[in-house]
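Remarks on the structure that follows.
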Amino acid sequence: MPEALFPPLEPYASGWLEGGDGHRIWYEQSGNPGGVPVIFLHGGPGSSTNPDHRRFFDPAYYRIVLTDQRGCGRSTPSGEVRANTTAHLVSDIERLRAELSVERWMLFGGSWGSTLALAYAQQHPTAVSGLVLRGLFLGSDEEVEWFTLGLRRFLPEAWSAFAAGADGQSCAALLRDFHERVMMGDIAAAVRWNAWESAVMAVGEAASTATAIPPPPVARVRIQLHYLVNSCFLAPGQLLSGLERLRGLPAILVQGRRDLACPPSTAYTVAQQWPEARLHMLEEAGHSSMHPAMARALVQATQEMKRLVPVR
């Protein structure tokens, strides 16, 4: 683990939020029960939290909330796509805020977590004290096409294995093919998707930190493909046009120059259109939050936020 992270710590509370439609959303709390609330929004879509995610925050200062999004991680039913959209996730975050009696909280999200943080903040700006975002992703069709098709220019060997046997090689065809196969329980297709994602995420990472994405469960890939084939349940340009609602909120954007999954142009565009956002471009880092330079910058960001967000 990167040395910059705070020491390991255990949660002081955990529980389940009833999400309706059969969904139960798992969450935990650690750090200072009376501290500044911060919620960690994990990536994916379809991934989950892990204990190291608590370690980006000073446990003496922050009340740290981790949650697995519906269908993800410890939330149940695992891999459930019914009643699972961006609007549902935003609603879950807001109901969790009420459940925990939080007036305002800081949002910390990377990759898909940055997408969800922006969607939530734009709908509930008065519930947000500030944002720390890593590897920004706006959920656009252009970004998804880059991930599934454009990156073949950088990773031709991995892409050939990824696209082998697919019914068509356009972005839409690849997504449709993988979506249909994985939804029918095709484990081999989930493994191929997983291998492609791992190859993309490994670019720009130090050998010691470039760990492969864990083998499916198929549930994780089901959730991810469900979102990608539906344009992440966002209108075209929705998150960029909604930045005006965030005026006055402090934000720190941390971006790896070598991030192929979420290229730097997205973070740069957001920073250009959001005057309060400070962009930190890390020349040596890629996509992983656990790259030593990235982990150090994220901890520095949460420390800097102590000056920028209200104590309560």
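Just so you know, all these numbers are worked out from the coordinates, no wet-lab data involved. This one's a predicted model, so the numbers in the text were calculated from it and none came from an experiment. Here the Cβ is made from the backbone with ideal geometry for all residues, glycine too, and neighbour counts use every protein chain on show.
Observations on the model:
- Each of 9, 66, 41, 136 has some number of other Cβ atoms within 10 Å of its Cβ, and from fewest to most they run 9, 66, 41, 136.
- Degrees between helix 171-183 axis and first principal axis of the chain (Cα, 0 to 90, nearest 10): 80 degrees
- Signed unit charges on C-beta, dipole axis of the chain, positive-most listed residue 242, 169, 159: 242
- With a cut-off of 15 Å between beta carbons, the residues surrounding residue 159 carry a summed charge of -1, where Lys and Arg count +1 and Asp and Glu -1.
- Estimated from helices alone, the mean residue ellipticity of the chain at 222 nm is -11000 deg cm²/dmol (sum of -39500 (n - 2.57) over DSSP H runs with n ≥ 4, per residue).
- Pairwise FRET efficiency - residue 188 versus residue 50, Cβ, R0 = 35 Å, nearest 0.05: 0.85
- Scaling the Cα radius of gyration of segment 40-135 by the globular reference 2.2 N^0.38 Å produces a ratio of 1.02.
- q = 0.11, 0.12 Å⁻¹, the chain: log10 I(q)/I(0) [Debye, one scatterer per Cα]: -0.63, -0.76
- When each of 1, 290 is scored by the number of other beta-carbon atoms lying within 10 Å, the sequence from fewest to most is 1, 290.
- Relative contact order, percent, the chain [alpha-carbon distance under 8 Å, six or more residues apart]: 20 percent
- Along the chain, longest interval not containing exposed GluC sites (Glu not before Pro), exposed being DSSP loop plus at most 11 other Cβ atoms within 10 Å: 104-282
- Chymotrypsin sites (Phe, Trp or Tyr not before Pro), loop per DSSP, at most 14 other Cβ atoms within 10 Å - longest free stretch of the chain: 155-312
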